[in-house]
Amino acid sequence: QVRLVESGGGSVQPGGSLRLSCAPSKIISSIYTMAWYRQAPGSERELIASIEARGRTMYADSVKGRFAISRDNAHNTVYLQMDSLKPEDTNVYYCKIEVSLNNGGTIVHYWGPGTQVIVSS
């Protein structure tokens, strides 16, 4: 079973920065889109950033200009650099990867366990 391992969460003051990382527990050769979501208690899970295999990115308006998603295909790793953090960014952050199986015949996705980000004075 493939597990996604997340790291980089924690507590920071407003205006601070964090860098989240996510990678599978074993090498996967055919990863399509990688993405980051966040979910606060009582709220729906929200897509905030994604990056395709060739590097094309998209961002939710709430984080555009402050967050940056990137990936290292050689190590199956996706990152989320978070700058100028605000209290409203406090959330549990989840990564997701899409994987091709059977020469593209099947697409599956895997979720990370979530990592807590707290922005507070």
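The values are calculated or read from the model by the stated rules, or taken from the named source; none is laboratory data. Predicted model, so just to flag it, every value in this text is computed and none were measured. Counting neighbours? That spans all protein chains shown, and the Cβs are built from the backbone with ideal geometry, glycine included. All accessible areas refer to the heavy atoms of the entire protein, side chains included, with ligands and DNA or RNA removed. Shrake-Rupley method; radii C 1.70, N 1.55, O 1.52, S 1.80 Å.
With +1 assigned to the C-beta of every Lys and Arg and -1 to the C-beta of every Asp and Glu, and no other charges, what is the dipole magnitude of the chain about the Cα centre in debye, to the nearest 20?
About 220 debye.
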Original post:
How big is the accessible area of Glu88 in square angstrom, nearest 10, if you roll a 1.4 angstrom probe over the protein chains?
Top reply: 120 Å²
Original post:
Residue separation times 0.36 nm, minus the C-alpha to C-alpha distance between Asp83 and Thr106: what's the value?
Top reply: 4.6 nm
Original post:
Which length gain, in nm to one decimal place, applies between Ser7 and Arg66 when the Cα-Cα distance is subtracted from 0.36 nm times their residue separation?
Top reply: 19.3 nm
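When ligands, DNA and RNA are left out and all protein chains stay put, how many square angstrom of accessible area per residue does the stretch 1-66 have with a 1.4 Å probe?
60 Å²
Run the numbers for Arg45 and His75: contour at 0.36 nm per residue of separation, minus the present Cα-Cα distance, in nm.
Answer, rounded to one decimal: 8.1 nm.
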